[in-house]
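Please treat every number below as a calculation from the coordinates, not as lab data. Only a predicted model underlies this, so the values are computations on that prediction, with no experimental measurement involved. All Cβ positions, glycine included, derive from the backbone under ideal geometry; neighbour counts span all protein chains shown.
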Amino acid sequence: MARRSSQTPPPEDFEERILDVDVVDEMQSSYLEYAYSVIYSRALPDARDGLKPVHRRVLYQANEMGLRPDRGHVKSARVVGEVMGRLHPHGDTAIYDTLVRMAQPFSMRLPLIDGHGNFGSLGNDDPPAAMRYTEARLTEAAMAMVETIDEDTVEFRPNYDGSEQEPEVLPSAFPNLLVNGVSGIAVGMATNMPPHNLSEVVAAARHLIRYPNADLDALMRFVPGPDLPTGGLVVGLDGIRDAYENGRGTFKIRAKVSVEDVTPRRKGLVVTELPFTVGPEKVIAKIKDLVNAKKIQGIADVKDLTDRAHGLRLVIEVKNGFVPEALLEQLYKLTPMEETFGINNVALVDGQPLTLGLKELLEVYVDHRFEVVRRRSDFRRRKRQDRLHLVEGLLTALIDIDEVISIIRSSDNSGQAKERLIERFGLSETQTAYILDTPLRRLTRFDRIELEAEQEKLNAEIAALTEILESDAVLRKLVSDELAAVAKKFGTERRTVLLEAGSVATTAVPLEVADDPCRVLLSSTGLLARTADAEAPAPDVDGPDGSDGKRARHDVIVSAVPATARGHIGVVTDAGRVLRLPVIDLPQLPPSAHTPALAGGAKVAEFVKLDTGESVLALTTLDESSPGLALGTEQGVVKRVVPDWPDNKDEFEIIALKDGDRVVGAIELRTGEEDLVFITSDAQLLRYPAGQVRPQGRPAGGMAGIKLADDAKVLSFTAVDPAQDAVVVTVSGATDALDGMGQGTAKATPFEQYPRKGRATGGVRCQRFLKGEDKLVFAWAGSTPARAATANGSPAELPARDPRRDGSGVPLAKEITCVATAT
């Protein structure tokens, strides 16, 4: 069986025609149509309202849905669906991305969407949530964009399938294109416009309304430059002027950074504002890449402490020894903390893409507002004229209401009644129909008074609207006043700081801190700090021995050594160890010599790791040219350590201690001619020249320093220059009542009262015990002036000098735990 062809044969009169088209011509015409469609319908904003079609459709449809600020939020998906189904023949992703951007305060200078939920973060580090999770409604500013759109202020056109009508442009009560900026890439052209400050742009627009021939310099007095939502610093204004004049230009945006003390030991760069469209994650990632590639030095850590309460806070910790200002200049050069923004003011004017300067942009907007207000006034006048026509008809009927009622009652139908009323009173068909539709209860004497008042009001409003339409001066003043009202309602302070390029001098400070001389100080309460000058005295206040009561807390310096900013010092502990410490890690004191001692210092435990029960005694310079350290232990051992410090170790032992023994004093000798002084708990003092002690290597255990009685122990070991005035301070107490305490009876004796004795002897008595006392609880010998302090560092008063070396003490008002020479 033959198969029937599935193709329908052509009709008999069919004539085949083949049109030969050159492929070049076809591609050119097709591509031009596509390019024009992209330019006009998708990528470029209209210069009048500053919106692309998708932005305009979102705002218009949200307004049609009643999503006003005084109503509740709705799911973003609902808005996207309505826009896509009614107006925008493209994907939902493009619509939702548009809605999200209009809700981001870091993208828009004046957001147009009020969003609930996650609408993304700066730099898109945290993408927005899906539209099914977020909610949206219009902001007050968006309502100003669509205000009076129902008063025939703009032209409408059919949507993509002709089933709906959409506005060609929004009324736009403020210059949205300049205020919020825009970016878009079309075919063969692109636009990139930064946001500006609303108050400044409105001021420029009002000036242009008043002085249409104003030049660019006059307008730039009101609009000196962009005002970005994220703030920052704009460096260099020449490119901005080029953009305002020709429509194209560039400028640099810098992050706003301050130098702060982020930890007790370190300074940091605190970033509170970043360049437009740059997020903290992008900056952190770039910094980490630079650090790993060793292209930047001096960064210890980067932390993002941004939160809702405090806003952006990016902390870049700077290593000690590096200058934060110099490091900041490197970050500006190598990271997104400084970005270049290219201005390209391309917008549609009468459907044509044009590159516009500041004055042209303002002129297009102002002309648009003139047209909107003119059409609005005409619409309102027509509405009032129509109402006035009806009111006049009612008033005519009320003059002889009985006859009107009689005509209506005697008529066979409404049509006959209408014809008879028109013929009798000379009314129009509209007036007659309105009279027939009006209830009889409205036609009272009281309503006549209301109608007459309404008639008078309508006549006044019509006259005012007519004046607007017929007088250009009145129209200009009205537009200017409305702009001023918008600026007053929505205007905010400028966020971006504008700087001339010449006013931002690049720092000439080297990246690393110079190895300048300084002094390192240790206080009685265990605080460490360094001064800026090696010759500066330790922070203190002059006065007689312990008699000054004006000194602040922590004003007793127990150890002070010269150093350099990038050098090292040693910290000597009672366990017989020296811990190497970089000087640059220590906080630097203010330059004032009368600053309370080490008020800006930090605890020793922040810099060195101590074992349980271990404490710091003194500081040493680690200078191998010095006579070395002199050590005295609790069990009476003395040692002079050969200054042979290992460079490859951060900690090392300097004495081999016996079980139960500990170091009670460590002094770096300056000349080697000092006298070594032991003071024991049973009030014995032994003084002999340091030359009697042979220097030993670090592993040695020392030699006999003082002969101790049974149950006695060494309380103090110091070194005193016999050529200087010196004093011995002792405090006695009772074992049961004041064990380990410094409050009791105290005595201060001139040092020269104690004779020199031989090493390893018992010494001489330095204080006679009173009744109830059986031991010394504190002792010290050193050069004057001397300072005494309590355990918390507050000053304590020392007794007057007693020339009797074995005399008894006097009662103390405060316990003494530390005495040191005031330097």
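When the chain is fully extended, how far beyond the present Cα-Cα distance does D22 get from K294, taking 0.36 nm per residue of separation?
Here the segment from D22 to K294 would lengthen by 92.0 nm.
5 Å is the cut-off here: which amide hydrogens, built 1.01 Å from N in the peptide plane, fall below it relative to W645, excluding neighbours closer than 5 in sequence?
Result for W645 returns nothing.
Which net charge results when you count Lys and Arg as +1 and Asp and Glu as -1 among the other residues whose beta-carbon is under 12 Å from that of D92?
Net local charge, D92 excluded: 0.
Less than 18 Å apart at the alpha-carbon level, and either on another chain or at least 8 residues along: which lysines does that give for K771?
Output for K771: K747.
What number, in percent, do you get for the relative contact order of the chain if the mean sequence gap of Cα pairs under 8 Å and at least 6 apart is divided by its residue count?
9
Would you pull out the residues with amide H under 5 Å of V558's amide H, same chain only if 5 or more places away, H placed 1.01 Å from N?
L522, S523, S524
Using a Cα-Cα cut-off of under 12 Å, which aspartates and glutamates could be cross-linked to K303, ignoring same-chain neighbours fewer than 8 residues away?
E281, E317
Sort largest first and round to whole Å: the equivalent ellipsoid semi-axes of the stretch 373-494, each the square root of five times a Cα gyration tensor eigenvalue.
Listed largest to smallest, the semi-axes of the stretch 373-494 are 42, 15, 12 Å.
Going 7 Å from the Cα of E500 in the Cα-to-Cβ direction, what parts of the stretch 239-253 have a backbone nitrogen less than 14 Å from that spot?
Within reach of a label on E500: 239.
Could you order the peptides 285-294, 337-346 from most to least packed, using the average number of other C-beta atoms within 10 Å per residue?
Numbers: 285-294: 13.4, 337-346: 19.6.
Highest to lowest by the protection proxy: 337-346, 285-294.
If I stretch the segment between S428 and M703 completely, what's the gain in nm (0.36 nm per residue apart, minus their alpha carbon distance), one decimal?
Result for the pair: 85.9 nm of gain on full extension.
Answer rounded, prolate or oblate for the stretch 517-821, using the Cα gyration tensor with square roots of eigenvalues a ≥ b ≥ c: rounded when a/c is under 1.5, else prolate when a/b is larger than b/c, else oblate.
Oblate is the answer for the stretch 517-821, as a/c is 1.5 or above yet b/c matches or exceeds a/b.
Between I399 and E452, what is 0.36 nm times their sequence separation minus the Cα-Cα distance? Round to one decimal in nm.
Extra length available between I399 and E452 comes to 17.9 nm.
How high is the FRET efficiency from D386 to R71, r the C-beta distance, R0 35 Å, rounded to 0.05?
The computed FRET efficiency comes out at 0.70.
At E151 and I185, where each label point lies 7 Å from the Cα along Cα→Cβ, what is the point-to-point distance in nanometres?
Distance between the two pseudo-spin positions: 4.2 nm.
How tilted is helix 92-103 with respect to the longest principal axis of the chain? Cα atoms for both, answer in degrees (0 to 90, nearest 10).
Rounded to the nearest ten degrees, it is 60.
Determine the alpha carbon to alpha carbon distance for each of K295/K319; K294/K319; K267/K603; K75/K488; K603/K814 and list only those over 22 Å. If you can, show how the numbers build up before the last one.
Values: K295/K319 15 Å; K294/K319 14 Å; K267/K603 17 Å; K75/K488 31 Å; K603/K814 24 Å.
Distance filter (> 22 Å) returns K75/K488; K603/K814.
Rounded to the nearest 500, what is the chain's calculated 222 nm mean residue ellipticity when only DSSP H runs of at least 4 contribute -39500 (n - 2.57) each, over all residues?
For the chain, the value works out to -9000 deg cm²/dmol.
Order 408-416, 763-771, 44-52 from most to least packed using the mean count of other Cβ atoms within 10 Å.
44-52, 763-771, 408-416
Amide H of G705: which non-local residues (sequence gap of 5 or more, or other chain) have their own amide H closer than 5 Å, using H built in the peptide plane?
V637, V638
Where both residues lie in the chain, what percent of DSSP beta bridges are antiparallel, nearest 5?
Working: 115 of 123 bridges.
Expressed as a percentage, antiparallel bridges in the chain total about 95.
Counting Lys and Arg as +1 and Asp and Glu as -1, each charge on the Cβ, what is the dipole of the chain about the Cα centre in debye, to the nearest 20?
2900
Using Cα positions and a limit of under 16 Å, work out the lysines in reach of K649, with same-chain residues fewer than 8 apart set aside.
Output for K649: K609.
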